[in-house]
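The values are calculated or read from the model by the stated rules, or taken from the named source; none is laboratory data. Quick caveat, the model's predicted, so the values are computed rather than measured. Every residue, glycine as well, gets a Cβ built from its backbone with ideal geometry; the counts of neighbours run over all protein chains shown.
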Amino acid sequence: MSIINAGFGGRRRSSRPDLPPGQYLTEDFPVLSAGPTPRIPLDRWSFTITDEAGKKTSWNWDEFNALPQEDFTVDIHCVTKWSKLGTTWRGVAIDTLFENIESAADFTMVHGYGGYTTNVPLEDLVDGKAWVAHTFDGEPLHPEHGGPARLVVPHLYFWKSAKWVNGIEMLPQDEPGFWEEAGYNMYGDPWREQRYQGD
Amino acid sequence: MSAANELDGNAMAGDLGEIFAVDVTQAVATCAGCGHPTALAALTLWGPAMGSVARCPHCEDVILRLTRTPGQAWLDLRGAVTLRIPMPPDDPQ
Amino acid sequence: MAESRWETPSARTLVLDVPDWPGHLPGQHVDVRLTAPDGYSAQRSYSIASAWPKSGSEGGSEGGNVELTVQRVEDGEVSSYLDDILEVGQPIELRGPVGGWFVWRDEPAPVLLLGGGSGVVPLMSMIRARGDVRGKQPFRLIYSVRTPQDVLYADELKRRVRDDPGLDVHFVYTREAPEGWPEKPGRINVPTLNTHGWPPDFAPDVFICGPTPFVETAADILVALGHDPKKIRTERFGGTP
Ligand SMILES: Cc1cc2nc3c(=O)[nH]c(=O)nc-3n(C[C@H](O)[C@H](O)[C@H](O)COP(=O)(O)OP(=O)(O)OC[C@H]3O[C@@H](n4cnc5c(N)ncnc54)[C@H](O)[C@@H]3O)c2cc1C
Ligand SMILES: [Zn+2]
């Protein structure tokens, strides 16, 4: 049984009907880390798609920046219960990266520098649903927030938006990533409050 | 936010104390990555949100993860080859 | 909370009367959980500042209260509640005592304590415990603090340096030093630890505690000076530089 601390408000927070269930609005951009922040020099950065047969397609920083760029404004929802509305980003749509990839696999494992992984079904990455973003709020994405580049999949909880992203691996069946192995939901839809396994 | 603190494994003592009868933060884990032995209390700890991630101070590999979901604690120790736990000496038979 | 006292304008000691407290070792901490009326909750760790009398020693096994000293952190969710809102007589939820690693066990080795800001709290528990058992081990505290006004337990430290044989304290001021202080304000560095710490061949048990950047800097310097990393125990409180 917990003691209720009547005078304790906690961090200023408001829940709103237009937010997913259990979420609070935040104005700042909290940082969540499971390890040290990798610092990746841009001349060593690359992004690789690996298909289910092991065939790799890679872009270095210059090649990646030469791809068509999109500006997008989205709401993001963290499983630790904060939501941030109207965030503005610039980056490359996953659709663009997959233009010349042949794959029959339905699932992916997204990888980041530092060893982070998270699983996302392919259909949740394509058709304008996800990007690899390098600019936040008009500035180069800060390393704390996943720079040089992070995945942004705004319709899923934000742990799916892998920081320091460096590749997508195609998988014939769904496999758990870093947090999914430790009790978090395989899919992570904030509107259905799929925080943990079994939700 | 305290969510991103980098701490010492000490800070897990409360969470692990709810699971184990002994104070396992004093147990020595041998890193599966580099073989270095380190007391859990001396691991580099990240968290506590979304869970505690304790890394080897020598090679940064993950040694232990602890997450809480409603009604359950998930402890992943696969980054440790062994856990050497201090115990009271055996009673002489 | 049975009573409270301000150590500085921004740090308060909470004296807690905890039913069935099993006693604790100097250096242990508790986890405090606050729960808002709407169910939102936040948990933080706080070191225990007080010593618990050993059974059989002077003071008996009757124990006493559990004291925490909470430094107010700017925009701090939990610290500002504990310092400014919690009132005498109100309850808080504690888990503990926990942690058996960052603990001083009354061993004969000399002890070097390095505290940054509120990192002095668990070190104070060690100093108090040594005082209670009239320990004779050489004990040295190097205490890094912003300004003289931020020193926790200032009077008690002065008194103990006078009365507890073998205890000494050196201050490092990072923002503003008292008038006539021989060193310019600045962060803990190699010369300070070389001059005021002990040489590695003295083989002290070292306890370092405070904000994460302080702990990392201090530990790196001691290792560079030749101290055995195995004799260095750290407790990082968090915070970014
Ligand atoms: C094992 C352990 C023992 C501790 N013992 C004590 C103790 O005895 N006394 C004590 O006062 N604190 C102690 N702390 C720190 C304490 O747990 C909290 O981190 C601190 O009170 C801040 O919490 P908050 O909710 O007020 O701030 P938050 O709302 O979590 O943070 C607000 C802002 O302050 C920054 N911040 C967070 N923590 C710190 C910090 N420690 N120093 C500087 N800036 C910070 C954050 O980055 C953020 O910008 C201990 C921590 C640990 C892990
Ligand atoms: Zn290792």
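For segment A:159-173, the tally of residues that are outside any strand (DSSP E or B) and touching a Ser or Thr at 6+ places or on another chain (Cβ under 9 Å) stands at 6. Every listed requirement among (1) within 19 Å of B:Ala27 (Cβ to Cβ); (2) modelled with pLDDT under 95 is met by B:Pro48 save one, (1). Considering only segment B:34-47, I want to know if a residue exists there that is within 25 Å of A:Val79 (Cα to Cα), within 11 Å of another protein chain (Cβ to nearest Cβ), under 10 Å from the mean Cα position of the chain (by Cα) and outside any loop (DSSP other than H, G, I, E, B). Yes, there is a match, as at least one residue in segment B:34-47 is within 25 Å of A:Val79 (Cα to Cα), within 11 Å of another protein chain (Cβ to nearest Cβ), under 10 Å from the mean Cα position of the chain (by Cα) and outside any loop (DSSP other than H, G, I, E, B).
For segment C:69-115, the tally of residues that are part of a loop (DSSP other than H, G, I, E, B) and within 10 Å of another protein chain (Cβ to nearest Cβ) stands at 14. The residues of segment C:68-94 that are modelled with pLDDT of 95 or more, charged (D, E, K, R) and under 16 Å from C:Arg44 (Cβ atoms), listed by number, are C:Arg72, C:Asp83, C:Asp84, C:Glu93. Checking each residue in segment A:7-54 for being over 27 Å from C:Gly238 (Cβ atoms) and of a type in the set (A, V, I, L, M) picks out A:Leu19, A:Leu42, A:Ile49, A:Ala53. Across segment B:61-71, the qualifying residues are those that are at pLDDT 95 or above and more than 16 Å from ligand 1 (Cβ to nearest atom), and the one among them that is surrounded by the fewest Cβ atoms within 10 Å (Cβ to Cβ) is B:Asp61. Residues that are in contact with a helix residue (DSSP H, G or I) (Cβ under 9 Å, 6 or more places away or on another chain) and either surrounded by fewer than 22 Cβ atoms within 10 Å (Cβ to Cβ) or free of Cβ contacts under 8 Å to residues at least 40 places away in the same chain (or both) within segment C:194-210 comprise C:Asn194, C:Pro200, C:Ala203, C:Asp205, listed in sequence order.
Criterion applied to C:Lys136, C:Lys158, C:Lys184 was being of a type outside the set (Ser, Thr, Tyr), farther than 18 Å from C:Phe102 by Cβ and outside any loop (DSSP other than H, G, I, E, B), and the one residue passing it is C:Lys158. Counting only strands (runs of 3 or more DSSP E) wholly contained in segment A:23-109, the ones carrying 2 or more residues that are aliphatic (A, V, I, L, M) occupy A:70-77, A:82-93. Restricting attention to segment C:141-155 and to residues that are without any contact (Cβ under 8 Å) to a residue 60 or more places away in the chain and in a strand (DSSP E or B), the residue that is nearest to C:Val73 (Cα to Cα) turns out to be C:Val145.
On the basis of being in a loop (DSSP other than H, G, I, E, B), of a type in the set (A, V, I, L, M) and more than 17 Å from A:Leu32 (Cα to Cα), does A:Ala133 make the cut? No, not satisfied. Restricting attention to segment B:15-33, the residues that are away from ligand 2 (no atom under 13 Å from the Cβ), in contact with a Pro (Cβ under 8 Å, 6 or more places away or on another chain) and more than 11 Å from chain C (Cβ to nearest Cβ) total 0.
To keep it simple, each residue is scored yes or no on (1) assigned by TED's automatic domain parsing to the domain that holds C:Gln28; (2) in contact with a Ser or Thr (Cβ under 6 Å, 6 or more places away or on another chain); (3) away from ligand 2 (no atom under 16 Å from the Cβ); (4) free of Cβ contacts under 8 Å to residues at least 60 places away in the same chain.
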residue: C:Asp75; (1), (2), (3), (4): yes, no, yes, yes
residue: C:Ser80; (1), (2), (3), (4): yes, no, yes, yes
residue: C:Asp83; (1), (2), (3), (4): yes, no, yes, no
residue: C:Ile92; (1), (2), (3), (4): yes, no, yes, no
residue: C:Val103; (1), (2), (3), (4): no, no, yes, no
residue: C:Ser118; (1), (2), (3), (4): no, no, yes, no
residue: C:Pro122; (1), (2), (3), (4): no, yes, yes, no
residue: C:Met126; (1), (2), (3), (4): no, no, yes, no
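Note on segment C:28-49: residues that are surrounded by fewer than 22 Cβ atoms within 10 Å (Cβ to Cβ) and more than 8 Å from every other protein chain (Cβ to nearest Cβ) total 2. When restricted to residues that are within 13 Å of ligand 2 (Cβ to nearest atom) and within 11 Å of chain A (Cβ to nearest Cβ), segment B:58-77 contains 4. Note on segment B:22-32: residues that are in a loop (DSSP other than H, G, I, E, B) and either modelled with pLDDT under 95 or among the polar types (S, T, N, Q) (or both) total 2.
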